[in-house]
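Shown next, in structure tokens, is the structure this report addresses.
The values are calculated or read from the model by the stated rules, or taken from the named source; none is laboratory data. As the structure is a computational prediction, the values presented were derived from the model and not from experiment. Positions of Cβ are backbone-derived with ideal geometry, glycine not excepted, and every protein chain shown enters the neighbour counts.
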Amino acid sequence: MKILWATDFTRRAQDAGQVAGELARLTGGTVEAVHILAPRTTELLALGADAALMDEEAARSAEARLVAEARALEEGGTKAEAWLGQGDVAATLLARAAERGADLIVMGGKGRSALGQLVLGSGADRILRQAVVPVLVVPDGVTRLQPSGGPLRVLAALDGRPGGGAMVAFLRALGTRTACDLTFLRLYWPPEECRRLGLHGPRDFLAPDPEVVADLQRRLVEQVGTWPGVAPRFAVEPTWGEPGRRLLELAHERNAGLLVLGAESRRGWGRIAHPPVSDHVARHASEIAVLFVPGPSREQTVAGPPQLETILAATDLTPAGDHAVPFAYALLAGRGGVVELCHVHERALADPPYAYETTQGKLSAEARADLEARLRALIPPDAEARGITTHVTIIDGGKAATALVQAAERLWADALVIGARGRGPVLRALAGPASDEMLHHAGRPVLVVPWRPVA
């Protein structure tokens, strides 16, 4: 691992250097100690020859101190070298990291020097948004990631966004170089997840919800994948208030030596309206180093062909709705998969449905059995022979468009198939504003199958 250690010669920067050296030894890597001189001002340039002499003397002094710090790392068993730059601290640091092909930037945090302000001021905003390699921020007083020896205890927070793949890739590479005790964490806001999954009935928001936890843990496992020789743990917990504060609390509770999260890149109004979690963590982390991993750039992101494994086919059991069902099976022809055959029994629910229960208009056992039988009659006779499994689902309550989007989340559907130009509730949803709502919130492809009755 190539590590770039940024130092301004303060004690907190030297502490960060010890952490950089520890990581290099654990991973068989190298450290480049970097110090950046401030750019010359117009006032200094106006002094002429005297300014040049002062500038040269400052450079010689900084270079000597830098070489001494690199030599100290060498004496501790770390292969190290030094580099002196000049210019804007953030821009020069990022340019040097790119030039050297660095895997990691390490710096101290919570300082008032120019480098310390990278964490607390506008420089931090720039470096966390613009860095294309992970940035490790080491708080004042932290000199080791493994103070008690043993494997490196890592708590990695994922939020379900695609950019988390870069974090997983970095930790996978780290795990191949040194022993890690790794836990992947997903925090969730209970009302948001209950709405997403369409959960009904009273819920205890102060305790982990079994249905929400099961769904999010499955997503965590899928995102992380399997790791040869490593068995990461997974944790899903509800949170209220500032998620960054809860992340730091959990890191301390689990005695983690390293907290890992994504570096967020919102700008402008989006950054004001939704302050990044990374900002709070960078400002308030103490006694634990925090690794910020940027998501992949557009150039690095290569979209492969989509893999459709689960299709949600919805019908209101009218001829037009039933006509769309075979198209769901056609999407899986030749490779197999799962069709979630779904019908929505519309009825009014309590508001919010995850806080109260209402039984008015609820399906009887006989009515539900009749609907399930009608759905099963739509399954193509050769579906099983083609490797396609069918699950039948009756959704009892809610508006059709909303219920289908929520069902797609619960059932992990890769796409939705639905008929159009019918008179039933599901198909009417596609004729007005509800259709726009469904297509906007589906979060996956929606195949709308037109139906023209034979004259």
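Laid out as a table, the results:
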| read-out | value |
| --- | --- |
| Contacts under 6 angstrom Cβ, first residue in the range 306-325 being assigned by TED's automatic domain parsing to the domain that holds VAL338, partner of a type in the set (S, T, N, Q) and assigned to a loop (DSSP other than H, G, I, E, B), 6 or more apart | GLY321/THR315; ASP322/THR315; VAL325/THR315 |
| Criterion (at pLDDT 90 or above, crowded, with 17+ Cβ neighbours inside 10 Å and within 20 Å of the chain's Cα centre (by Cα)) met by exactly one of ALA282, ALA251, ALA263, ALA324 | ALA251 |
| Failed item in (1) without any contact (Cβ under 8 Å) to a residue 12 or more places away in the chain; (2) assigned to a loop (DSSP other than H, G, I, E, B), with ALA355 passing the rest | (1) |
| Residue, surrounded by the fewest Cβ atoms within 10 Å (Cβ to Cβ), within the range 406-455, restricted to residues that are of a type in the set (Gly, Ala, Ser) and at pLDDT 60 or above | GLY443 |
| Positions within the range 327-338 being closer than 21 Å to ALA401 by Cβ and over 32 Å from the mean Cα position of the chain (by Cα), in sequence order | PHE327 |
| Identity of the residue in the range 5-34, over 18 Å from ARG153 (Cα atoms) and polar (S, T, N, Q), that ends up modelled with the lowest pLDDT | THR10 |
| Where GLY77 falls short, out of the listed (1) at negative phi; (2) not in a strand (DSSP E or B) | (1) |
| Flag if ASP204 is exposed (fewer than 13 other Cβ atoms within 10 Å of the Cβ) and either assigned to a helix (DSSP H, G or I) or not assigned by TED's automatic domain parsing to the domain that holds GLY398 (or both) | yes |
| Test for LEU199: is it surrounded by 18 or more Cβ atoms within 10 Å (Cβ to Cβ) and part of a loop (DSSP other than H, G, I, E, B) | yes |
| Pairs where the first residue, in the range 54-65, is surrounded by 13 or more Cβ atoms within 10 Å (Cβ to Cβ) and the second is at pLDDT below 90 and assigned to a helix (DSSP H, G or I), C-beta under 8 Å, 6+ apart | MET54/LEU44; ASP55/LEU44 |
| Residue in the range 398-419 that is farthest from the chain's Cα centre (by Cα), counting only those that are under 22 Å from GLN217 (Cα atoms) and not aliphatic (A, V, I, L, M) | GLN406 |
| Close pairs (8 angstrom Cβ cut-off, 6 or more residues apart or separate chains): aromatic (Phe, Trp, Tyr) in the range 398-420, assigned to a strand (DSSP E or B) anywhere | TRP412/THR310 |
| Test result for ALA403, modelled with pLDDT of 90 or more and either assigned to a loop (DSSP other than H, G, I, E, B) or crowded, with 17+ Cβ neighbours inside 10 Å (or both) | yes |
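Table: residues versus (1) crowded, with 19+ Cβ neighbours inside 10 Å; (2) of a type in the set (Val, Ile, Thr); (3) on the phi > 0 side of the Ramachandran plot.
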| position | (1), (2), (3) |
| --- | --- |
| VAL138 | yes, yes, no |
| PRO151 | no, no, no |
| ALA157 | yes, no, no |
| GLY164 | yes, no, no |
| ARG172 | no, no, no |
| ARG177 | no, no, no |
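Conditions tested, residue by residue: (1) at pLDDT 90 or above; (2) in contact with a Gly (Cβ under 7 Å, 6 or more places away or on another chain).
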site	(1), (2)
GLY111	no, no
ASP125	no, no
VAL135	yes, no
ARG144	yes, no
ARG161	no, no
ALA166	no, yes
LEU182	yes, yes
LEU187	yes, no
LEU197	yes, no
